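Report on the structure given below.
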Amino acid sequence: MRERPLIYNGLSLFNFIVAIAIPLQIALIFKHGPNEFNYILDKITFTNWIVMITCAMSSVAFYHAHKSLRFLIPLTMVSVFINNLIIARYGMDFSAETIFFSTIIFLAIQGSLFLAKESNLIRNQHMRWWLIPKRYPIHSKVFLIKGEEKILLGETYDISTTGLFLKYDAHFKEEHVPVLTTGEDLHIEVDIDEHAHIISDATVVRKSLAKGTYPAGIGMRFKDLSTKEYIKLNSALIMAH
């Protein structure tokens, strides 16, 4: 599995450092020790808190390449700019030149993602390949549930905790392929073994022709899988493989 792009790791760490730098700077400037934490908190201003909170949130968002970065990045840039502007106007501990250059450096680093090709991940969340769960080559029967009726759709080629790929077979192709359309919601049961029967809503996400070792079939994504069913599914996949 490919790893998370380096730029997201780097910016996550950068924002974490900025978030903790403010109380550390206060401790160093006023020579407060670890046991004087309350004195440090008293000296953190409102704009300091905004910078710390938005950078902490951005650190987590960068780590997951989350779509919230679209507004968190501009928010942190504005927060730091205003905070540093206030420090330059009223502060006595840093020179105007130091504040100016530190602001420019922060804005350049924070906004660098928008110039990188990896920025498309925050617009296309499905492309975050490192978050794709492991697929297990397990052949399980899948049933379509309609009221009291259970209709056999066929067997899976593989299953993950987020969905499954259903192989085409003669019965499936003749009876169900023309009916199922991409984007359609279904209520299904997946029988992984005699003890694990997963019941969930699922969405048809694609129909695929055979490619390489992958057979022709249909991809489904589990929808609103309950915590109980998720735990049961995850445990069954691990035990069955």
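The values are calculated or read from the model by the stated rules, or taken from the named source; none is laboratory data. As the structure is a prediction and not an experimental result, all values here were calculated from the model. Note that we place each Cβ from the backbone using ideal geometry, even for glycine, and neighbour counts take in every protein chain shown. These area figures cover heavy atoms from the full protein model, side chains too; ligands, DNA and RNA do not enter into them. Shrake-Rupley method; radii C 1.70, N 1.55, O 1.52, S 1.80 Å.
Observations on the model:
- For segment 200-215, filtering for residues that are in a loop (DSSP other than H, G, I, E, B) and at pLDDT 85 or above leaves 1.
- Leading residue by the ranking (modelled with the highest pLDDT) among those in segment 165-194 that are more than 26 Å from Lys211 (Cα to Cα) and assigned to a loop (DSSP other than H, G, I, E, B): Asp193
- Any pair with Cβ under 9 angstrom, 6 or more apart, that starts in segment 210-226 at a residue that is touching a residue at least 60 places away in the same chain (Cβ under 8 Å) and closer than 14 Å to Glu189 by Cα and ends at one that is open to solvent by 80 Å² or more (accessible area, probe 1.4 Å) and in a loop (DSSP other than H, G, I, E, B): none
- Screening Met92 on (1) in contact (Cβ under 8 Å) with a residue 12 or more places away in the chain; (2) assigned to a loop (DSSP other than H, G, I, E, B); (3) not aromatic (Phe, Trp, Tyr) shows it passes everything except condition (1).
- Scope segment 122-164; condition open to solvent by less than 60 Å² (accessible area, probe 1.4 Å), in a strand (DSSP E or B) and either aliphatic (A, V, I, L, M) or more than 17 Å from Phe222 (Cα to Cα) (or both); matching residues: Val142, Leu144, Ile145, Ile151, Leu153, Ile159, Leu164
- Hey, Leu13 within 30 Å of Asn124 (Cα to Cα) and not aromatic (Phe, Trp, Tyr) or not: yes
- Any hit, segment 39-48, residues being among the hydroxyl-bearing types (Ser, Thr, Tyr), in a helix (DSSP H, G or I), within 30 Å of Arg135 (Cβ to Cβ) and open to solvent by 40 Å² or more (accessible area, probe 1.4 Å): no
- Members of segment 20-35 found to be more than 17 Å from Met52 (Cα to Cα) and either open to solvent by 60 Å² or more (accessible area, probe 1.4 Å) or touching a residue at least 40 places away in the same chain (Cβ under 8 Å) (or both), listed by number: Leu28, Ile29, Phe30, Lys31, Pro34, Asn35
- Residue check, His197 at pLDDT 90 or above and not polar (S, T, N, Q): no
- Out of Ala116, Ala56, Ala108, Ala96, sole residue that is under 24 Å from the mean Cα position of the chain (by Cα), over 13 Å from Ser12 (Cβ atoms) and surrounded by fewer than 18 Cβ atoms within 10 Å (Cβ to Cβ): Ala116
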